[in-house]
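Here is the structure we will look at.
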Amino acid sequence: MPQLNSRPPPPLCLAAADSELRVSVDPAICILFSSYLLLASAMARLSAAQLLLGRVRRSAVLLVVSHVTACVVFFWAGRQTTPDHVSAAAPTADRVSEAMKAETAEKQECEMTYWSKRQTVEVTGSRGGLENGHYLSVYTKTFDLDLGWYTNKSVLDVGCGPRGSLEWAKDTASLAVCADPLAWDYIKGFNAQSHSMHYVAAPMEAMPFASASFDVVASFNNLDHVSDISAGVREMVRVLKPSGSLLLGVHIHERPTKCEPHATHWNMVEEHLAPLGLRAINRHEWEFPRQASDKTPQGYLPFDHSNKADRGGELIVHLVKN
């Protein structure tokens, strides 16, 4: 089965809109589908007229030939515009819709309110747009990596938001993809279509990618936002290639909120990832918000577990799939 880096995917988007599943694909599919409908309609009318004239056999043959021809053309077009790795593992509409139903309206509203506020501050201010320049440091310095490590790797950011978290990788990685249930809203309201990375509107618990598709899967401040942490973790591991890297950043907090409906703990790796065959090769535990310090190579203050004050922390782990 071709892998994701065999050819870039078109901007395929699955999104919930007006309680229906909406699919946005390459315009060529829409044109060919319309042509198919016109051909089928014309042949049906022709066949009906021939039936009235008693030409039953010829009418039936023409109708069958027209449908077979249109199906072959439509299948060929789909193979040209829909990548194998997506179609091979694309979840059914029921699976996607059920996972999306688990995303409560209250939580989605909270997420969109946050991004709308950030857009007001950043776009209308002197910065001119939602910032994404810091992501290069997040993907390199935070995990003790350099930019060259990503050369020719396929990278998936799960729950990326609308900033363009993988724009730094456009000249380095072979493929940069975001999976986020709100991706359609990011395209409509935050100009995400201007980014070079690909956005796929899908929940973490049901991503439409073939197994073992990505060299790198990243999840930053996302696990506590999803509906089902265990299901989401299993999906990340499923789409990660053997020996691939999972880059995990978790905001540790004890109290669920509207946007972050799950409490998180320092044993997240041991509880959710180690049983799935992932091993940690690098781990950091920092105070949150990050505080400058010369006590670590990254320059942040290590989390002091002896301090029992109620406060947040940040867990940073680089894991490898066995």
| task | Read through the list (1) in contact (Cβ under 8 Å) with a residue 60 or more places away in the chain; (2) more than 23 Å from Val239 (Cβ to Cβ), then give the number of the only condition that His198 fails. | result | (2)
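Condition check ((1) in contact with a Ser or Thr (Cβ under 9 Å, 6 or more places away or on another chain); (2) over 29 Å from Phe214 (Cβ atoms); (3) in a strand (DSSP E or B)) across all residues:
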{"residue": "Ser243", "(1), (2), (3)": "no, no, yes"}
{"residue": "Leu248", "(1), (2), (3)": "yes, no, yes"}
{"residue": "Thr257", "(1), (2), (3)": "no, yes, no"}
{"residue": "Ala274", "(1), (2), (3)": "no, no, no"}
{"residue": "Ala280", "(1), (2), (3)": "no, no, yes"}
{"residue": "Gln298", "(1), (2), (3)": "yes, no, no"}
{"residue": "His318", "(1), (2), (3)": "yes, no, yes"}
| note | The residue that is nearest to Tyr135 (Cα to Cα), considering only those in segment 231-261 that are surrounded by fewer than 15 Cβ atoms within 10 Å (Cβ to Cβ) and of a type outside the set (D, E, K, R), is Ser243
| query | Restricting segment 272-293 to residues that are of a type in the set (A, V, I, L, M, F, W, C) and free of Cβ contacts under 8 Å to residues at least 24 places away in the same chain, which is surrounded by the fewest Cβ atoms within 10 Å (Cβ to Cβ)? | reply | Ala292
| field | Residue ID - surrounded by the most Cβ atoms within 10 Å (Cβ to Cβ), chosen from residues in segment 165-179 that are touching a helix residue (DSSP H, G or I) at 6+ places or on another chain (Cβ under 8 Å) and in a loop (DSSP other than H, G, I, E, B) | value | Leu166
| remark: (1) surrounded by 21 or more Cβ atoms within 10 Å (Cβ to Cβ); (2) touching a His at 6+ places or on another chain (Cβ under 9 Å) all hold for Ala201 apart from (2)
| How many residues does segment 211-230 hold that are surrounded by 21 or more Cβ atoms within 10 Å (Cβ to Cβ), at pLDDT 90 or above and assigned to a loop (DSSP other than H, G, I, E, B)? | 1
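Quick grid of which residues meet (1) touching a Phe, Trp or Tyr at 6+ places or on another chain (Cβ under 8 Å); (2) at pLDDT below 85; (3) among the aliphatic types (A, V, I, L, M):
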| site | (1), (2), (3) |
| --- | --- |
| Lys101 | no, yes, no |
| Thr104 | no, yes, no |
| Met112 | no, yes, yes |
| Thr124 | no, yes, no |
| Glu131 | no, no, no |
| Ser137 | no, no, no |
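Results for (1) touching a Lys or Arg at 6+ places or on another chain (Cβ under 6 Å); (2) buried (at least 16 other Cβ atoms within 10 Å of the Cβ); (3) closer than 17 Å to Asn221 by Cβ; (4) at pLDDT 95 or above, shown as yes or no for each residue.
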position	(1), (2), (3), (4)
Val121	no, no, no, no
Gly148	no, no, no, yes
Arg163	no, yes, yes, no
Pro181	no, yes, yes, no
Asp185	no, yes, no, no
Ser194	no, no, no, no
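Conditions (1) more than 20 Å from Arg118 (Cβ to Cβ); (2) outside the structural domain of His265 (by TED's automatic domain parsing); (3) in contact with a Leu (Cβ under 6 Å, 6 or more places away or on another chain), marked per residue:
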position	(1), (2), (3)
Asp146	yes, no, no
Trp149	yes, no, no
Ala176	yes, no, yes
Ala179	yes, no, no
Leu182	no, no, no
Gly189	no, no, no
Ser194	no, no, no
Ser213	yes, no, yes
Leu223	yes, no, no
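The values are calculated or read from the model by the stated rules, or taken from the named source; none is laboratory data. Since this is a predicted model, take the numbers as computed values, not measurements. We place every Cβ from the backbone using ideal geometry, glycine too, and count neighbours over all the protein chains shown.
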